[in-house]
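Bear in mind that the values in this text are calculations on the coordinates, not laboratory data. Note that the structure is a prediction, hence the values are computed from the model and not measured. Positions of Cβ are generated from backbone atoms using ideal geometry, with glycine treated the same way; all protein chains shown enter the neighbour counts.
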Amino acid sequence: MSARAVALVGGVTTPFGVRPTTWAEMAQEIGAALFRAVPALRTEDVDSLFVGAAEPERFAFQSHVAPLVAEQMGLRPRRILQRTELACASGQSAIRSAYAAIAAGLSDVAVAVGVEKMNLPSMAEANTSMVCVMDRPWDGPGGATAPPFFAMVAQRHMREYGTTEEQLAAVSEKNHRFANANPHAQFHAKSFRREKLRGLPLVAPPLRLGDCSSMTDGAAAVVLVAEDRARAYTDTPAWIRGTGQYSDFHNLAHAGELSRWPGLTAAAGEAFRSAGVGPPDIDFAELHDCFSISEIVEYEAIGFCAPGEGGRFVEDGRSDLGGDVVVNPRGGLLGCGHPLGATGIAQAVEVHDQFARRVPAARQVPNPEWALVHNLSGSANVHSVMIYQGGRAA
Amino acid sequence: MSASEKAHRANGADAEASGSAGEPAAKPTGERPPEKRPFLLDFFPLEGEEATRLSRFYERLREGRLSTTRCRADGELHWPPRVACPRCHGEDLEWLDLPESGRIYAFSAVLGGAPLGMESDVPYAVGLIDLDGVPLRLFGRIEGRPWSALAIGDPVAVEPYDVGDGRVFYRFRALDA
Ligand SMILES: [Zn+2]
């Protein structure tokens with residue numbers, strides 16, 4: 001059996017931010033938005049539903065969310081219905097699962113949706129939930145939240161390669177500038193010049209508030225179809241051409257040298273190999289900038305620049321419009337916020353909208369053909385990469 | 001029964017470590033059974049032998065010894081301690097004491113956004129510590145000095161401590177270089 005080509009034919013996000021709404025209400029909201037965004041989609045077309053949700057048990061006191069979301073969205077999946085959980089990469093996991101199902105002939109039309117509600121009355125409770133992403137009985141008692149881990153990555157990268165706080169701020173400034181052209185971004189219409197970012201309070205030294213993505217409420221959904229169905233839904237499909245994933249540790253004791261992420265090099269290498277392209281072919285990339293330092297390490301691990309050169313890469317504008325590869329034109333996690341399960345889906349929505357020339361001019365990549373999407377999860381424990389190609393429907 | 005004893009009993013700590021709370025041994029009759037601590041709101045694990053096959057780790061920690069498991073078949077040194085070897089998948093493991101000192105490989109601090117129960121600890125320093133003489137790098141709190149006075153390479157001592165309810169854990173204490 002040869003695998004079928006799979007197209008992403010449309011998608012949409014809710015506004016991201018601190019939302020006065022519940023987890024389940026956002027599932028209804030994204031369902032309504034999806035059927036508006038993909039007018040040819042009918043309820044009965046959707047044979048499968050994949051729900052990316054990282055911690056609904058903790059954030060919404062709710063398990064068994066796949067049928068809950070199906071009901072909230074008004075769907076009745078008859079082939080595959082499941083939740084995918086991979087912490088911060090739960091959304092991309094939903095897309096990868098839908099892709100695998102369609103490629104194998106087990107589904108023809110699937111929806112991948114991500115929902116996360118992270119802002120709770122007690123943020124200490126939300127922070128507790130984030131620690132549960134770690135190896136909880138070993139790393140939890142030390143108070144291992146995400147910021148100090150990525151702060152240690154930054155500390156080692158600075159020590160080994162001379163990366164500066166100014167270069168970290170350059171990542172955040174770029175992504176916030178793109179977010180200003182994204183009405184659904186948590187930090188839409190907020191100015192973050194480099195000087196202002198450098199003056200924000202430290203969260204986990206050397207990382208300041210502007211170096212960290214936020215606790216965010218939001219949802220996003222995409223429609224994936226078999227190659228022969230693409231034309232029924234869009235003239236501008238995003239074709240999934242390659243994918244790769246790699247995990248080499250979980251407990252913080254096994255994080256290795258911190259300043260390099262060989263797991264990402266492996267995941268991206270597999271994605272490039274399966275797509276038949278390499279780093280110079282990529283026109284734009286949605287990278288997992290949960291922290292500013294993450295994006296710098298990711299340039300290097302994916303191969304957009306050499307190890308140690310990530311700081312200069314962003315400082316010289318090589319990841320901006322007009323550079324080698326436009327990184328995070330959506331606004332990134334730094335500018336859009338990071339509703340865990342929705343993030344990977346929202347990145348894929350951006351890929352589709354960029355190929356369709358449907359984003360505001362201030363963040364439109366000129367004539368894009370190839371896009372790369374990366375999610376990491378936890379303490380960079382797992383790296384998940386997908387490569388898309390724009391083009392006409394078959 | 002004191003609150004700490006109550007939590008201690010609920011968490012099933014062993015007989016050796018309990019019983020020194022300085023309260024009368026005789027218990028009033030008709031007392032309600034102790035309520036269980038809400039485990040899902042607490043980072044510290046259940047340490048007793050009815051809860052974990054690694055209870056010896058905590059018993060030894062209570063004696064001041066940080067230890068881990070080593071595989072008898074292939075010599076693989078584990079961290080954290082395990083019940084099965086990830087390398088050969090054998091289950092014949094032995095306990096081994098670890099060095100009581102190490103050096104800071106990387107560190108940061110939590111200056112905000114602390115989880116439940118740790119809000120009053122802020123600011124607290126954390127780090128990855130290379131233990132002396134073994135190829136293990138452990139994560140944990142660093143006490144004894146503010147984060148701004150720490151440096152990569154600084155020596156630290158392993159410090160077992162009482163969590164406050166009869167359970168134990170480990171952290172690191174910065175030493176003079
Ligand atoms: Zn072994």
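Taking Cβ atoms as reference points and 13 Å as the exclusive limit, the residues near residue A:45 contribute a net charge of +2, counting Lys and Arg as +1 and Asp and Glu as -1. Non-local lysine pairs in the protein assembly as shown, meaning eight or more places apart or on different chains, with alpha-carbon distances under 28 Å, amount to 7.
Taking other C-beta atoms within 10 Å as the exposure proxy, A:158, A:386 rank A:158, A:386 from fewest upward. Across region A:230-378, Cα pairs under 8 Å and at least six residues apart give a relative contact order of 27 percent. Under the combined filter of DSSP loop state and at most 14 neighbouring Cβ atoms within 10 Å, region A:57-86 retains these trypsin sites (Lys or Arg not before Pro): A:78, A:79. If the chain linking residue B:157 and residue B:145 were pulled fully straight, counting 0.36 nm for each residue of separation and taking away their Cα-Cα distance, it would gain 3.1 nm.
Placing unit charges on each Cβ (+1 for Lys and Arg, -1 for Asp and Glu) gives chain A a dipole about its Cα centre, and among A:9, A:242, A:305 the Cα reaching farthest toward its positive end belongs to A:9.
Which of rounded, prolate, oblate describes region B:101-174, given a ≥ b ≥ c as roots of the alpha-carbon gyration tensor eigenvalues and a/c under 1.5 marking rounded, otherwise prolate only if a/b is larger than b/c? Oblate, because a/c is 1.5 or more while a/b does not exceed b/c. Dipole size of the protein assembly as shown about its Cα centre, with +1 on Lys/Arg Cβ and -1 on Asp/Glu Cβ: approximately 1180 debye, rounded to the nearest 20.
The length gained on full extension between residue B:132 and residue B:176, counted as 0.36 nm times the residue separation minus their Cα-Cα distance, comes to 14.2 nm. The residues A:300, B:119, when put in order of fewest to most other Cβ atoms within 10 Å, stand as B:119, A:300. Peptide A:115-126 has a mean of 2 when you count, residue by residue, the C-beta atoms of other protein chains within 10 Å of its C-beta. Estimated at 0.36 nm per residue, the fully extended path between residue A:356 and residue A:40 surpasses their Cα-Cα distance by 112.1 nm. Once the Cα atoms are used to define both axes, helix A:262-275 deviates from the longest principal axis of chain A by about 30 degrees. Are there cysteines in the protein assembly as shown with no other Cys C-beta under 4.7 Å, and if so, which? So far as the 4.7 Å Cβ criterion goes, A:88, A:132, A:212, A:290, A:305, A:336, B:88 stand without a partner in the protein assembly as shown.
Going by alpha carbons, how many degrees (0 to 90, nearest 10) lie between the helix axis of A:165-179 and the longest principal axis of chain A? Long axis of A:165-179 versus the principal axis of chain A: about 30 degrees. In the elastic network of chain A, a GNM with C-alpha springs shorter than 10 Å, the most mobile of A:181, A:101, A:361 is A:361. As a rough footprinting exposure proxy, the listed residues A:176, A:188 were ranked by other beta carbons within 10 Å of their own, and the order from fewest upward is A:188, A:176.
Working from Cα pairs under 8 Å separated by at least six residues, relative contact order for chain A is 26 percent. Computed over region B:101-174, relative contact order equals 32 percent, with contacts defined as Cα pairs under 8 Å that lie 6+ residues apart. The angle between the Cα long axis of helix A:340-355 and the main principal axis of chain A comes to about 70°, on a 0 to 90 degree scale.
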